[in-house]
1. May I ask you to say which residue of V133, V129, V113, V85 is within 15 Å of ligand 1 (Cβ to nearest atom), open to solvent by 10 Å² or more (accessible area, probe 1.4 Å) and either hydrophobic (A, V, I, L, M, F, W, C) or modelled with pLDDT under 95 (or both)?
2. Please find, within the range 107-129, the residue that is nearest to ligand 2 (Cβ to nearest atom) out of those that are under 18 Å from D56 (Cα atoms) and in a loop (DSSP other than H, G, I, E, B).
3. Could you run through the range 285-304 and say how many residues are assigned to a helix (DSSP H, G or I) and loosely packed, with under 14 Cβ neighbours inside 10 Å?
4. For the range 146-165, how many residues are of a type in the set (A, V, I, L, M) and part of a helix (DSSP H, G or I)?
5. Kindly indicate whether any position in the range 118-126 is within 24 Å of D242 (Cβ to Cβ), away from ligand 1 (no atom under 15 Å from the Cβ), within 21 Å of the chain's Cα centre (by Cα) and not basic (K, R).
6. Within the range 183-284, which helices (runs of 4 or more DSSP H) (wholly inside it) include 1 or more residues that are open to solvent by less than 20 Å² (accessible area, probe 1.4 Å), away from ligand 2 (no atom under 16 Å from the Cβ) and touching a helix residue (DSSP H, G or I) at 6+ places or on another chain (Cβ under 9 Å)?
7. When you scan the range 122-139, how many residues do you find that are touching a residue at least 12 places away in the same chain (Cβ under 8 Å) and closer than 22 Å to K176 by Cβ?
8. Give the residue, chosen from G165, G157, that is within 13 Å of ligand 1 (Cβ to nearest atom) and either free of Cβ contacts under 8 Å to residues at least 60 places away in the same chain or more than 18 Å from the chain's Cα centre (by Cα) (or both).
Amino acid sequence: MFARLRRKRINPVLRDLLKETQLSVNDFIYPLFAKEGTQIKEEVASMPDVYQMSIDEIIKECYELKKLGLYSIILFGIPQTKDSVGSDALCDHGIMAKTLRAVKEAHPDMFVVTDLCFCEYTDHGHCGVIDPVLETVDNDITLNNLAQQAVIHAQAGADMIAPSGMMDGMIQAIRKGLDSAGYENIPIMSYSSKFASAYYGPFRDVAESSPSFGDRRSYQMNPANRNEAILESIEDEKEGADILMVKPALAYLDIIRDVKNSTSLPLACYNVSGEYSMLKIAGKAGVIDYDKVMMETLIAFKRAGADIIITYHAKEAAVLLNK
Ligand code: PBG
Ligand code: ZN
């Protein structure tokens, strides 16, 4: 008499039949960090099992990813030299351009996304050129540079461009730059609703991209804001973004759902470094069952409305999903 809801949960096959949300290896994009040199594979203390890798190691890693059924990566570059504009990102022999050419030559079947921003390339660690009076990023000068950087990525073989700098008008500027250089077929996945989050801490160790002064709150969003997050994503849709994104993911599941309900575009979420490291380190300490908490977290992103999950867990999740 009281089994009206529970009777559908007793049989395990029926439980699977009634599973509302599916997670698959096709949902993942795996981040990789490219560094100058050869035979470099350096783990960073704040992100266990995540490495800075030289290009040869990245090529090796792609073979491992493909064995697991993972065919999408997002690349970040760690240049040898940094300056005030981020010149390494604006030439065809910078770390990103070199990595792209090598990866696409060895792995034409990999789908290679590039993170498009300047914080890894500037000596001040901000996401564009600094306006000395405002002491923050100059929006419009940075737009020109972003368009140029996007064309360099496309020329070097990028399959999709993912601008992460939260500049106003960045999608329009990048789209125009790509189109006029003949890259109409390269999609843009915008980091459209990106918050100024302390969860990026471990990433900044790996990518060597901490700002040398101030913070990113004059361009990334206030974690308190929900309406503004929708506005930001819809603005990028209007400017021509092909895929939208919410970042971070775990503390922003409500925003993932809000944006999903406000757009017909596909939606990605970025399961960021701090979210990864919290689980990883708690798992190592024996505090949680890492595999189970990881899978529960990843399905939550899908349930909230994400179509794509950018995650450092991709390899470990793929092993479990392939079982
Ligand atoms: C670059 C960028 C950042 C991340 C992705 N692209 C760092 C930042 O905005 O400071 C964070 C990813 C992570 O924490 O895993 N703008
Ligand atoms: Zn940046």
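The values are calculated or read from the model by the stated rules, or taken from the named source; none is laboratory data. Being a predicted model, the structure only gives us computed values, none of them experimental. For neighbour counting, all protein chains shown are included, and Cβ atoms are generated from backbone atoms with ideal geometry for every residue, glycine included. Each accessible area value is taken on the protein alone, full model and side chains, heavy atoms only, with ligands, DNA and RNA left out. Shrake-Rupley method; radii C 1.70, N 1.55, O 1.52, S 1.80 Å.
1. Values: V133 fails: within 15 Å of ligand 1 (Cβ to nearest atom); V113 fails: open to solvent by 10 Å² or more (accessible area, probe 1.4 Å); V85 fails: within 15 Å of ligand 1 (Cβ to nearest atom).
Just a single option satisfies the conditions, and that option is V129.
2. So the residue we want is M110.
3. Residues in the range 285-304 being assigned to a helix (DSSP H, G or I) and loosely packed, with under 14 Cβ neighbours inside 10 Å: 2 in total.
4. So the first thing to find is which residues in the range 146-165 are of a type in the set (A, V, I, L, M), and the list is 146-147, 150-152, 154, 156, 158, 160-162.
From what's left, part of a helix (DSSP H, G or I): 146-147, 150-152, 154, 156.
Number satisfying all stated conditions: 7.
5. Among the residues of the range 118-126, not one is within 24 Å of D242 (Cβ to Cβ), away from ligand 1 (no atom under 15 Å from the Cβ), within 21 Å of the chain's Cα centre (by Cα) and not basic (K, R), which makes the answer no.
6. Numbers: elements: 201-207, 227-239, 253-262, 273-284.
Per the criteria, 227-239, 253-262, 273-284.
7. 5
8. Testing whether each residue is within 13 Å of ligand 1 (Cβ to nearest atom) and either free of Cβ contacts under 8 Å to residues at least 60 places away in the same chain or more than 18 Å from the chain's Cα centre (by Cα) (or both) leaves just G165.
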